[in-house]
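One structure is given below, encoded as structure tokens.
The values are calculated or read from the model by the stated rules, or taken from the named source; none is laboratory data. Computed from a predicted structure; not experimentally measured. Here the Cβ positions follow ideal geometry from the backbone for every residue, glycine too, while neighbour counts run over all protein chains shown. In case anyone asks, the SASA skips ligands and DNA or RNA and just uses the protein heavy atoms, side chains included. Shrake-Rupley method; radii C 1.70, N 1.55, O 1.52, S 1.80 Å.
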Amino acid sequence: MNTKKADIVLSSNAVFTGLTDKPEVASIAIIDNKIEAIGSNEEMISYIGKDTKVYSFEDQLIMPGFHDFHLHINDGSIQMDSIILIDVNSEEEAAEMVRQFAETRPEEPWIIGFTWFHENWENKQLPSVASLDRVLPDRPVILLHAEGHYGWVNSKALEIMGINRDTPNPAFGEFAKDEKGELTGILYEKAMDLIFKGAYDFSREKKIAMLKRFFQLSAELGVTSLNDLYAPSSEILEDYELFKELEETGDLTARIHLFPALNGDLERAKQLRDTYSSNMLQVSGLKQFIDGVISGYTAFLLEPYADKPETRGSTAFSPELIKKWVLEADREDFSIRFHAIGDGSVRLALDAYEDAQKINGVRDSRHAIEHIETIHPDDICRFKQLGVIASMQPFHFVAEEAKELFNSRLGEERNKITWPVNSLKNAGATLAFGSDFPIVELNPLSEIYAAVTRSLSMTSQEKVWNIDERISLSDALKAYTYGPAYGTFREKELGTLEAGKLADIIVLDRNLFEVPEKEILDAKVGLTIMNGNIVFERNV
């Protein structure tokens, strides 16, 4: 007879532990912050005491908490307090929305917006500084493109930050100009940093308030672990002590795995790793950009762009420097992750990891490559050979406008192997999924749906893109739970439901394995448990 009494007992006819490919009937006993036992309802009866919270979920799905392997917490918290432009249909409509939004924020020094996507507009043309100047001549504006690698600003923003036609382009960045040499208001890559310094100069109080809103959302969506990756704005926004403060006040509803910049400063990296090493908040590796994005011709390709044959993009840093940084960081036991979108960048990342193995020796490094939007077929098998994790964000796969865009940029032959998630899985690569929030929404169920259908909605099935790259629901869920746990060396604590593991558990309002695929998009999280604590419970 068991004498221990559980804090919480959960039971359901559909418990997806992640150890098999289908849910099973089971009950789970939680004591403190761990799963004490899993078994039949009868076996868990002895764990129920007078203070035990008992939940019976019938046919609702119990599963491990979602673990987002790739997102940007600070940028996401800013986006939640900003104007969203993904649904606008023209430059003029975007400008008018900016004007209206600015009227509601008379005290805000900067107007900040996200996710405009000119490929959705009728003319498909990049917007201009003039349209923003017409609606808002006296207040600075910065609007981030949907992919986050270029921005649209007005003249006031340029003026305040001291940028003019004579300002030199930074390395791996550009202040776009027209044929007369005048600034167009479009800033690429590192050119945005000067604007970020002004726009993102928030008070500590505002940062804390925005972060609390973000963590409330992550709990509501069943995200119990997060990988916060270095981003272009990190030099301005990075403040890990804010996370520490939230941990101490109990406002952290998800575990945070930090990935600061891989930039050659290993003393700082080691200091951060020593400083942040708790169960809830830890430095788990280093991250850097090799290239940009295909839409802006800043992704690095092995062969020239189909519609701009004079370029194949470029790398953010020289290949020699990238390989040097990898070699040194690998020697200090850091796990490394590279943003690599073009097939040239993917190959460079793999080459750098392979060189480190040859020189430093093979170890369980769990390096990763982020995005992998296009890849040379010869490089697919190298992920398993080198033990490199394929970190992908399925929602990126499926926009119809992107298919057309990629066809024009890459040509049809290369486009046949864009976002090769199933090819990588079949070649033995470990998959780890994330959202890339705030580039797309935080909801993991949108990512799961995209992975199993290669579509955004059931109405666009005839336009499914590279349909053979779909994966099963089971594989998609594991890539959003176990894969990221493995990628952060926490698979013995997280990622599956097993006795002895940390109690990070969610309940969905339906069994995804028994409903039509389209219902994945409608599913809601009913309960989120993180570290044994109920951090979100939906009122029915």
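Couple of notes before you dig in:
- Whether the stretch 444-540 is rounded, prolate or oblate, judged on the alpha carbon gyration tensor where a/c under 1.5 counts as rounded: oblate
- Taking all protein chains as they are arranged and a probe of 1.4 Å, the heavy atoms of Arg490 leave approximately 10 Å² accessible to solvent.
- Take Val25: with every protein chain present and a 1.4 Å probe, its accessible area is about 100 Å².
- Overall, the ratio between the Cα radius of gyration of the stretch 174-245 and 2.2 N^0.38 Å, rounded to two decimals, is 1.48.
- Within the chain, DSSP assigns beta bridges of which about 50% are antiparallel (rounded to the nearest 5).
- Between 0 and 90°, nearest 10: helix 400-410 axis offset from the chain longest Cα axis: 60
- Value of relative contact order over the chain, rounded to a whole percent, pairs C-alpha under 8 Å and six or more apart: 17
- Residues whose amide H lies under 5 Å from that of Ala368, counting only those 5 or more places away or on a different chain, are Ile336, Arg337, Phe338, Ile389; hydrogens are built 1.01 Å from N in the peptide plane.
- Within the same chain, aspartates and glutamates fewer than 8 places from Lys190 are excluded, and of the rest, those with a Cα less than 15 Å from its Cα are Glu147, Glu174, Glu235, Asp291.
- Selection of trypsin sites (Lys or Arg not before Pro), the stretch 26-111, meeting DSSP coil and at most 12 other Cβ within 10 Å: Lys50
- Here the accessible area of the chain is 47 percent carbon and sulfur, with a 1.4 angstrom probe and all protein chains present.
- With DNA, RNA and ligands ignored, accessible area of Glu93 (1.4 Å probe; Å², nearest 10): 70
- Taken over the stretch 1-51, lysine pairs spaced eight or more positions apart, or on distinct chains, with alpha carbons under 22 Å apart number 5.
- Dipole axis of the chain (+1 Lys, Arg; -1 Asp, Glu on Cβ), positive-most option in Pro394, Gly264, Ile236: Gly264
- Taking the Cα centre of the chain as origin and assigning +1 to Lys and Arg Cβ atoms and -1 to Asp and Glu Cβ atoms, the resulting dipole is close to 1000 debye.
- Computed Kirkwood radius, in angstrom, where 1/r is averaged over Cα pairs of the stretch 340-498: 16.1
- Counting only Cβ charges, +1 for Lys and Arg and -1 for Asp and Glu, the dipole size of the stretch 452-540 around its Cα centre is about 140 debye.
- Mean separation of Cα pairs under 8 Å and 6 or more residues apart, divided by the residue count, gives the stretch 424-540 a relative contact order of 20 percent.
- Think of the stretch 346-424 as a dipole: +1 on every Lys or Arg Cβ, -1 on every Asp or Glu Cβ, centred on the Cα centre; then among Phe406, His376, Ser365, Ser365 lies furthest on the positive end.
- Cross-link pairs Lys124/Lys197; Lys212/Lys478; Lys384/Lys416 - those with Cα-Cα distance over 25 Å: Lys124/Lys197; Lys212/Lys478
- In the stretch 125-180, a dipole from Cβ-located charges (positive for Lys and Arg, negative for Asp and Glu) runs towards its positive end, and of Thr167, Leu144, Val129 it is Val129 whose Cα lies farthest in that direction.
- Residues in the chain average 40 Å² of solvent-accessible surface per residue, probe 1.4 Å, ligands and nucleic acids excluded.
- For the stretch 247-374, lysine pairs with C-alpha atoms less than 20 angstrom apart, excluding pairs fewer than eight positions apart on the same chain, total 7.
- Net charge of neighbours whose Cβ lies under 11 Å from the Cβ of Phe16, counting Lys and Arg as +1 and Asp and Glu as -1: 0
- Overall Cα dimensions of the stretch 229-326 - principal axes, largest extent first, Å: 55, 28, 21
- Helix-only mean residue ellipticity at 222 nm for the chain, each DSSP H run of n ≥ 4 adding -39500 (n - 2.57), per residue, nearest 500: -8500 deg cm²/dmol
- These residues, Arg538, Arg331, go from largest to smallest accessible area, 1.4 Å probe, as Arg331, Arg538.
- Cα shape, the stretch 295-367, gyration tensor, a/c 1.5 rule: prolate
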